[in-house]
Ligand SMILES: Cc1cc2nc3c(=O)[nH]c(=O)nc-3n(C[C@H](O)[C@H](O)[C@H](O)COP(=O)(O)OP(=O)(O)OC[C@H]3O[C@@H](n4cnc5c(N)ncnc54)[C@H](O)[C@@H]3O)c2cc1C
Ligand code: FES
């Protein structure tokens, strides 16, 4: 027994919500966070449900996993709505997401996608331009139609992070800065070796996103978490007109308007990789390409100004979340959300926390078990 | 008003405003007594503050295009100008990218900033045989020290005449000087993206000399964001560039020699200067630095002493050890309150209040390109590390003048001459082997500056605890109380504080609140101030319209 019931490595959205769940159930919780490159502080606040064309194009091999996870995404947005009621408001708006098509090919792609998604319970439909015009007349002339996914939405991650952090504080969660290089289990005690200190706990939850894979390696798992530096842009405020989350059927774009009136433009354009422990750099090609694409789709934004860009670290693995204890070290539990991880974060955290508390998780965790990454024995 | 001469006019919220050819919109509006230009999200009025395109508080809507800086936009006949609302409508009519006109430059030496340092660098590099382009943000180059007139007519004084001569010399040397250029992007390998008259300008020079100068450190007291409160440099620009007084009755406060000089200039221009408040004790209480300054540069020291005498002759009260504590609206004027070290208080009613509490280097380009910086605890700002020829840690990137740390105009010019020759020599134009005389001169200028600033309060006050509802972030309207609450939640780093409170997330990109927030975090965590204490540098260097980004992309596509 140590004085900490659960150590959480990583203080992003997953780590914070897990801490709130565990501390709320009476556990003593300590978060250890490296304080760098959290996707949670850099993300765009899109609540994704429909399959993102970017992932389908970039990682075709992951499509089956993403498709299987569709119900999880729906439930994840519901978890955000819950969390917003308990700890918000987070500036959360759920008017749906529009994925735009500029060509008949793209429409055909969306039509198929709608079929696959509705089959998994997603509320999606295909709209022609006239139907789109009823709520988005400001789209460029070339848009011929769109997929509307009513489950989607948006929120302001900065607001959510601050409020959740304050909620964790109120529950007595301690947060320390440190970089964990290895986790070992001995005599029923977990030891997390940090750059500054060695931390002890009865159990550990790894919510370290891109940093999760290396921590599991010595326990016989090859989890392919990969840091993916991404580019973002934000404008100065303007009159609120864009209610929906906007994406494109073929090209990398997400666009939304926050409650501040600012328009956030992203969608997975690359940033310069300077290693996991350094903040990525902004590439001019991404800035120009990303913003130009947004202006083509919504010409009226041309007159407002971009005031800031940033680059943040996304985490990808195999297209599905990684949730649950390690097969060979049950005191070590994983919680890595995977693609659109901010959307999935709270639900993944709750599933992992429920496992640790011995409660029924809100959804079955079996399909997401880290066991699928068991390294081939030599 | 004379009916015979058809006057140039524009309208502001429907009122007809006359202007003189060359005046900025902000100058013409100030002259007409219109100080409130934009309204914030919280419904507060804001006006011209920095006068140099940094603060973004002078925004107006011009012919339907929102968020134009009145201080950087020339007045033109027939313009329809309106108060900038916080949430302008998205309007396709003003959103199209400019057609054509894009320029692509690849000079041997690109000089960024056309002040004393930049112009001197351009002349030196050109004379050595290099091809040189100078980019300057203002309508007329010359920089802060030589502030050139944007109007027709003879120079105001010798300082302006010297600037005109330097500018002419730079042109004669063969350097191309492009004015009114807004550089918004700087990327590795020396790629600069800029906007010029709405069109894209792309520069891929072989070497670059950054000479972007400094901007002014404000004094954050209740009311410092009211229209009519402006930096001393903004008032000086109004007068020297546009022959516009910031107001009929003014007060000047802060610390440093600029305040006295501008007080005098405004008085000579016909303003009634109610008070010059200087935070530092009078120079005779610091005889040693005064002596050192006199030894290093007798002429400049004499000039400074002369200014004091003239101030007294004009009957302008100069109060030492006196600081501004509060500004409040009083009718259409401002009531400014001051406190002296002896506990006495003083108030005065003015049309405009000017403040300068020191300088912050405009080092965004240098930091973006990764040039190594170190914190100077005496001046309370970063200095760029440079070698004897003023090259930064990035090969081919030079830094001269105040952008590398405060040094004053004579030092900037000297540095410019060294770096200009060195950059040219790097490319095989001339040799830069005999720079000793310049380097010796530079040491003298630096000795003078060091002594000079010992007579003022160059270090930002560490211990000040302003009223909790005093704004620290003008753009996002964040108070000190909110900043402190953010610090309590997570004192880790200024970036964390930014995300928690939104401090520094606005249009000025944290230029005013950033240094304050960085110092608060350092104090809270006990960490030493250093480069990483500040907000991470990010493009765009200044807000840039999406249509300008589109134009830049098209221009780059054409080149590549
Ligand atoms: C630019 C960008 C835009 C995005 N937009 C969206 C979006 O709109 N919608 C959406 O759903 N998702 C989005 N994402 C993805 C989303 O942000 C992430 O998937 C999500 O935040 C991951 O949450 P997390 O808690 O798992 O990890 P993170 O928030 O990444 O936090 C992990 C933390 O662990 C720490 N850490 C890592 N290794 C160690 C170690 N060894 N020791 C100690 N600490 C360690 C890190 O420093 C970090 O603080 C975006 C991502 C980026 C980069
Ligand atoms: S006064 Fe125009 S930007 Fe500051």
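The values are calculated or read from the model by the stated rules, or taken from the named source; none is laboratory data. Everything quoted here is computed from the prediction, not taken from an experiment. Backbone-built Cβ (ideal geometry, glycine too); neighbour counts: all protein chains shown.
Observations, loosely collected:
- Of all residues making up segment A:129-176, the number that are part of a helix (DSSP H, G or I) and either more than 22 Å from residue A:239 (Cβ to Cβ) or within 14 Å of chain B (Cβ to nearest Cβ) (or both): 17
- Leading residue by the ranking (surrounded by the most Cβ atoms within 10 Å (Cβ to Cβ)) among those in segment B:497-545 that are within 16 Å of ligand 2 (Cβ to nearest atom) and part of a helix (DSSP H, G or I): B:513
- Taking segment A:319-350 as the range and being in a helix (DSSP H, G or I) and closer than 25 Å to residue A:56 by Cβ as the test, the residues that pass are A:341, A:342, A:343, A:344, A:345, A:346, A:347, A:348.
Results for (1) surrounded by fewer than 19 Cβ atoms within 10 Å (Cβ to Cβ); (2) under 17 Å from the mean Cα position of the chain (by Cα); (3) not assigned by TED's automatic domain parsing to the domain that holds residue A:177, shown as yes or no for each residue.
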residue	(1), (2), (3)
A:28	yes, no, no
A:34	no, no, no
A:46	no, yes, yes
A:57	yes, no, yes
A:61	yes, no, yes
A:66	no, yes, yes
A:70	no, yes, yes
A:76	no, yes, yes
A:83	no, yes, yes
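- Residue match in segment B:100-109 (condition: over 25 Å from residue B:411 (Cβ atoms), surrounded by fewer than 21 Cβ atoms within 10 Å (Cβ to Cβ) and within 14 Å of chain A (Cβ to nearest Cβ)): yes
- Which listed residue, of A:298, A:323, is surrounded by 19 or more Cβ atoms within 10 Å (Cβ to Cβ), over 30 Å from residue B:188 (Cβ atoms) and outside the structural domain of residue A:249 (by TED's automatic domain parsing): A:323
- When B:319, B:313, B:249 are checked against the criterion of being over 23 Å from the mean Cα position of the chain (by Cα), surrounded by fewer than 21 Cβ atoms within 10 Å (Cβ to Cβ), more than 16 Å from ligand 2 (Cβ to nearest atom) and closer than 30 Å to residue B:21 by Cα, a single residue qualifies: B:249.
- For the criterion of being under 17 Å from residue A:346 (Cα atoms), within 14 Å of chain B (Cβ to nearest Cβ), within 14 Å of ligand 1 (Cβ to nearest atom) and in contact (Cβ under 8 Å) with a residue 12 or more places away in the chain, residue A:37 fails.
- Count - residues of segment A:195-220 that are modelled with pLDDT of 95 or more and either part of a strand (DSSP E or B) or within 14 Å of chain B (Cβ to nearest Cβ) (or both): 8
- All positions within segment B:447-482 that are free of Cβ contacts under 8 Å to residues at least 40 places away in the same chain, within 14 Å of chain A (Cβ to nearest Cβ) and within 25 Å of the chain's Cα centre (by Cα): B:476, B:478
Residue-by-condition table, conditions (1) in a strand (DSSP E or B); (2) more than 22 Å from the chain's Cα centre (by Cα):
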residue: B:119; (1), (2): no, no
residue: B:122; (1), (2): no, no
residue: B:126; (1), (2): no, yes
residue: B:129; (1), (2): no, yes
residue: B:185; (1), (2): yes, no
residue: B:189; (1), (2): no, yes
residue: B:212; (1), (2): no, no
residue: B:219; (1), (2): no, no
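- Residues in segment B:354-375 that are under 17 Å from the mean Cα position of the chain (by Cα) and not in a helix (DSSP H, G or I): B:354, B:355, B:356, B:357, B:358, B:359, B:360, B:361, B:362, B:363.
- Of all residues making up segment B:376-401, the number that are on the phi < 0 side of the Ramachandran plot, part of a loop (DSSP other than H, G, I, E, B) and in contact with a strand residue (DSSP E or B) (Cβ under 7 Å, 6 or more places away or on another chain): 4
- Among the candidates B:151, B:166, residue that is out of contact with any strand residue (DSSP E or B) (no Cβ under 7 Å at 6 or more places or on another chain), part of a loop (DSSP other than H, G, I, E, B) and at negative phi: B:151
- Residue check, residue A:317 within 17 Å of residue A:38 (Cβ to Cβ), in contact (Cβ under 8 Å) with a residue 24 or more places away in the chain and within 11 Å of chain B (Cβ to nearest Cβ): no
- Residue list for segment A:6-34, restricted to those being more than 7 Å from ligand 1 (Cβ to nearest atom), in contact (Cβ under 8 Å) with a residue 40 or more places away in the chain and more than 18 Å from residue A:190 (Cβ to Cβ): A:16, A:17, A:20, A:21, A:24, A:25
- Checking segment A:161-176 against the condition returns a match, with at least one residue being over 26 Å from residue A:328 (Cβ atoms), over 22 Å from the mean Cα position of the chain (by Cα) and near ligand 1 (Cβ under 10 Å from one of its atoms).
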